[in-house]
Amino acid sequence: MTETPLLPAEFAGLDLLATMVIVVRADGECLFANTAFENTMRLSRRTVQKAQLPDWLDEPQRLTETLAGVAANQYSSSRFDALLRRGAWAHEDGLPVHVIVSQMDVGDDGEARVLVELIEISQQARQDRDERTLDQVQATKELTRNLAHEIKNPLGGIRGAAQLLAMEFQDSNPELNEYTQVIVHEVDRLQSLVDRLLAPHRKAQVVGDVNIHEICERVRSLVLIEYPRGLSITRDYDTSLPDFRGDREQLIQMLLNIVQNAAQVLGSRIATGDAQIVLRTRVARQVTVGKQRWRLALELHVEDNGPGVPAEIRDRIFFPLVSGREGGSGLGLTLAQTIAQQHQGMIDCESEPGLTNFRITLPLP
Ligand SMILES: Nc1ncnc2c1ncn2[C@@H]1O[C@H](COP(=O)(O)OP(=O)(O)OP(=O)(O)O)[C@@H](O)[C@H]1O
Ligand SMILES: [Mg+2]
């Protein structure tokens, strides 16, 4: 009898997937498991082959029955949740997974083969959340852009009319000037708000080779000029990260908005001298941004030891005009997110008192 090759050519494609995929016979014997499964289980391919897949789940019976049902054509696919036990690591808590069992085909030996996918539940929850965020950001972006245009158009007219009125009353009723000045002043304020809302959509991207650490250094020194005392900005760089194509000025703006926010909430710690911001860069592999998958990406983390994002706005900080800050216009993060998206990336945030982490993910070539 010939030995089964470790990576049969027909399964090679499955090896590229980030979710765990196992091909089994109807009785649960593993014929193939992809790299994602091996990595999670910390097992070698040789160990996995010929093992019984149901043995690795908390309720083996459930999978055994499903496999039999699918193989016998009772249904073409089935899903359920389970806990995955890691062989040699039995003392660890099981890993919550979503199990999808689907009919595959009949192998050379005439036996039915069944495909089992295991999706880590936390990973899926996170991916769902990221997708939702991107969809929401897209929807609000459209809305704000249209609204901003609608507001912008009449502003010029209002301002002009106020100035005409001022001229008209200059001699007869000079005390009314005060009112026209209020109108002009408020119109100008609205005008600059609307300009900031529209800014990211207006400028064409200027694309060149950029180095993420050069951007970090630049932002770091800009912020330190503003906060010369009491704030330390630590770097933790993975210098193996390659350059990539992007708009340098925009990326500086993006990072500046995030680091500035951190510095702003660190006020009381800056006063006592223990305010900390960390700029951390890392390589990430096989990342999904929205619905697109990238083999390689960079992650830039901006961490601060401030009070955390106020709970009542935590879900909405990337939306325009959401601010938890006295005098804040609530546009900094919206703009940063737009810039990240223009680079096919995204920004997300995890925050609790004492540790806030903004993570910028940007795909690499
Ligand atoms: N690192 C952080 N820690 C705690 N809260 C934060 C942090 N970063 C942002 N926030 C909260 O998110 C809000 C939105 O930030 P955003 O930059 O979009 O607007 P803003 O800073 O209020 O105004 P601006 O348009 O001037 O930037 C902030 O007002 C603040 O409440
Ligand atoms: Mg801001």
Please go through the stretch 35-54 and give me each residue that is free of Cβ contacts under 8 Å to residues at least 12 places away in the same chain and surrounded by fewer than 15 Cβ atoms within 10 Å (Cβ to Cβ), ordered by number. Asn39, Ser44
Kindly evaluate Thr288 against the criterion of being touching a Cys at 6+ places or on another chain (Cβ under 8 Å), under 15 Å from Ile347 (Cα atoms) and polar (S, T, N, Q). no
Subset of the stretch 297-327 [on the phi > 0 side of the Ramachandran plot and near ligand 1 (Cβ under 6 Å from one of its atoms)]: Gly308
Flagged in the stretch 278-315 as touching a Gly at 6+ places or on another chain (Cβ under 9 Å) and within 16 Å of ligand 2 (Cβ to nearest atom), in numbering order, are Gly306, Pro307, Gly308, Val309, Pro310, Ile313, Arg314
Going through (1) in contact with a helix residue (DSSP H, G or I) (Cβ under 6 Å, 6 or more places away or on another chain); (2) outside any strand (DSSP E or B); (3) at pLDDT 85 or above one by one, Thr144 fails only at (3)
Would you confirm, using the coordinates I've provided, whether Pro365 is at pLDDT below 95, away from ligand 1 (no atom under 12 Å from the Cβ) and part of a loop (DSSP other than H, G, I, E, B)? yes
Quick check, is Arg126 at pLDDT below 85, closer than 21 Å to Lys50 by Cα and charged (D, E, K, R)? no
Near pairs, Cβ below 8 angstrom, 6+ apart or cross-chain, from the stretch 315-341 (in a loop (DSSP other than H, G, I, E, B)) to any residue that is aromatic (Phe, Trp, Tyr) and within 9 Å of ligand 1 (Cβ to nearest atom): Gly330/Phe319
Given the criteria crowded, with 16+ Cβ neighbours inside 10 Å, in a strand (DSSP E or B) and near ligand 1 (Cβ under 9 Å from one of its atoms), does Ile277 qualify? yes
Out of everything in the stretch 328-339 that is more than 8 Å from ligand 1 (Cβ to nearest atom) and not aliphatic (A, V, I, L, M), what residue ends up being surrounded by the fewest Cβ atoms within 10 Å (Cβ to Cβ)? Thr338
Would you be able to say whether some residue in the stretch 250-266 is in contact with a Gly (Cβ under 6 Å, 6 or more places away or on another chain), farther than 21 Å from Glu299 by Cα, assigned to a helix (DSSP H, G or I) and within 16 Å of ligand 2 (Cβ to nearest atom)? yes
So which residues in the stretch 326-346 are within 20 Å of Leu143 (Cα to Cα) and under 14 Å from the mean Cα position of the chain (by Cα)? Leu333, Thr334, Ala336, Gln337, Thr338, Ile339, Ala340, Gln341, Gln342, Met346
Condition check for Ala263: assigned by TED's automatic domain parsing to the domain that holds Ser329 and either surrounded by 13 or more Cβ atoms within 10 Å (Cβ to Cβ) or not aliphatic (A, V, I, L, M) (or both): yes
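The values are calculated or read from the model by the stated rules, or taken from the named source; none is laboratory data. Remember, it's a predicted structure, so these values are computed and weren't measured experimentally. Positions of Cβ are generated from backbone atoms using ideal geometry, with glycine treated the same way; all protein chains shown enter the neighbour counts.
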